[in-house]
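Single-structure report; data block below.
The values are calculated or read from the model by the stated rules, or taken from the named source; none is laboratory data. Only a predicted model underlies this, so the values are computations on that prediction, with no experimental measurement involved. All Cβ positions, even for glycine, are placed from backbone atoms using ideal geometry, and neighbour counts span all protein chains on display. Surface accessibility is based on the protein's heavy atoms, side chains included, excluding ligands, DNA and RNA. Shrake-Rupley method; radii C 1.70, N 1.55, O 1.52, S 1.80 Å.
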Amino acid sequence: MVQKRTIAVVNCGSSSVKLDVFFLPSEDNPLSVLVERVGTAEARLVQKRASAGGEPEQREEHAANAPDSASAVALALDELTRAGFVPDAVGHRVVHGGERFAEAALIDDAVVAAIDACVPLAPLHNPANLAGLAVARARLPNVPHVAVFDTAFHQTLGPEAFLYAIPRALHEQHGIRRYGFHGTSHGYVAERAARFFGRDPTTLNLVTLHLGNGCSACAISRGRSVDTSMGMTPLEGLMMGTRSGDVDPAVVLRLARMHGIDGAERLLLKESGLLGVSRTSHDMRDLEQAAAEGNADADLAVRIFARRVAKVVGSYAVLLGDIDAVIFTGGIGENSRRVRREVCQGLRVLGALLDDRKNAGDLVGERDLASSDSRVRILVIPTDEERAIAQETARLARV
Ligand code: ADP
């Protein structure tokens, strides 16, 4: 019999911290702790515990004293101990692994130093990740810790995909290039899609669309990422909840002249995307509702969003030559019938034909929404980055 292992997964961001416990190989998720609004007086801790024997899960919520990421991770680890879980290994989500990490890594001091060296590439994310890592290693010194990078899956990109058309020295001296993100998600849904088809991932050409608050697309040729829409940072590419995605670089310069660097950054990161265009909300569900009630700005924001996704899929079809499936994931990709319909309207030219009845249906979980005569399959595959990190952690830690 395969032995049951307990894996803790820590996702330590700057404004929220998540800790999940998984049992492997069953992949049951008996505990999930979220500390949100970290760094504010309104910080809260939400804990969900799945009861044994199919009883409903228990949910607890209370105010938390979490002035920073480190204290939030400490609170989450307190809950782990209180619930009596003793992990065999701990997996950590790390946003930026630069060019150093093409795979997850067993954490030691050298790996920590290498993650630290990537801070200039991800000044908001990597410091929070490092803070979480330090607290968890100090608390659980006798178990292996593994770093799983958002960028690692895309380290297979060739120079024609990762170089910007700027002086080469900027890449060589400062690491300025495309890295890509959401790699754990793109890799996970690609793997699930291969299983769905009963095929080996190395026999498929896929375009994966991770559409959540952050959005990115990935062209996957025979299991390897060959292009992706996010760049040096998660600001490039598709339109997102509050991030602009692609703009003329001269727009950035103009904004910086008008509002200073910090002002330009705030505009492009926090006030653009769906929020900026709709003037209403960053949330797709709200916008679809508003559009249905006649709000023209909300409607326009959704149309621009879908159009840009379709454009990127078209460009990836050119790169891949031939696509077996387009995969929708993330909160929007998994749930928005309207966005899927509008994206797929643009994909008919590729031979991807959506079955409108299936798309409008209430099915959840992994499903194929293409009509029977479609040359390209159109899948919805719910992503689960925490689960993927748990699997990767167990593999690397050999527990
Ligand atoms: P994150 O990137 O923060 O993990 P999610 O993957 O949860 O975010 O995606 C959040 C987005 O998914 C929001 O824009 C939300 O409105 C959208 N979403 C969730 N459910 C639906 C739905 N039923 N219809 C349309 N959009 C939805």
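Listing for the model above:
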read-out: Subset of the range 344-362 [out of contact with any strand residue (DSSP E or B) (no Cβ under 7 Å at 6 or more places or on another chain), within 22 Å of ALA292 (Cβ to Cβ), away from the ligand (no atom under 13 Å from the Cβ) and of a type outside the set (S, T, N, Q)]; value: GLY346, ASP356, ARG357, LYS358, GLY361
read-out: Yes/no for ALA128 being within 15 Å of HIS96 (Cα to Cα) and part of a helix (DSSP H, G or I); value: yes
read-out: Tally, over the range 92-109, of residues that are in contact (Cβ under 8 Å) with a residue 24 or more places away in the chain and surrounded by fewer than 16 Cβ atoms within 10 Å (Cβ to Cβ); value: 4
read-out: The range 128-142 residues that are in contact (Cβ under 8 Å) with a residue 60 or more places away in the chain and within 14 Å of LEU106 (Cβ to Cβ), paired with ones that are open to solvent by 30 Å² or more (accessible area, probe 1.4 Å) and part of a helix (DSSP H, G or I) (beta carbon under 7 Å, 6 or more apart); value: LEU133/VAL112
read-out: Among residues of the range 64-82, those that are more than 14 Å from ASN129 (Cα to Cα), open to solvent by 20 Å² or more (accessible area, probe 1.4 Å) and aliphatic (A, V, I, L, M), counted; value: 1
read-out: Among (1) surrounded by 18 or more Cβ atoms within 10 Å (Cβ to Cβ); (2) more than 12 Å from the ligand (Cβ to nearest atom) - the single one ALA290 does not satisfy; value: (2)
read-out: Within the range 14-28, tally of residues that are open to solvent by less than 20 Å² (accessible area, probe 1.4 Å) and over 12 Å from GLU386 (Cα atoms); value: 2
read-out: Residues of the range 268-287 classified as open to solvent by less than 40 Å² (accessible area, probe 1.4 Å) and at negative phi, total; value: 8
read-out: Which numbered condition SER229 misses (of (1) surrounded by fewer than 23 Cβ atoms within 10 Å (Cβ to Cβ); (2) in contact with a Gly (Cβ under 7 Å, 6 or more places away or on another chain)); value: (1)
read-out: Residue count for the range 166-193, restricted to those that are of a type in the set (Val, Ile, Thr) and assigned to a helix (DSSP H, G or I); value: 2
read-out: Matching residues in the range 110-165 - criterion: being open to solvent by 30 Å² or more (accessible area, probe 1.4 Å), closer than 25 Å to ALA76 by Cβ and of a type in the set (S, T, N, Q); value: ASN142
read-out: Of all residues making up the range 29-46, the number that are surrounded by 21 or more Cβ atoms within 10 Å (Cβ to Cβ) and either polar (S, T, N, Q) or part of a helix (DSSP H, G or I) (or both); value: 1
read-out: Qualifying positions in the range 254-283 - of a type outside the set (D, E, K, R) and within 13 Å of the ligand (Cβ to nearest atom); value: GLY273, LEU274, LEU275, SER278, THR280, SER281, HIS282
read-out: Residue list for the range 206-226, filter: open to solvent by 10 Å² or more (accessible area, probe 1.4 Å), over 12 Å from LEU157 (Cβ atoms) and either polar (S, T, N, Q) or away from the ligand (no atom under 15 Å from the Cβ) (or both); value: ASN213, ARG222, GLY223
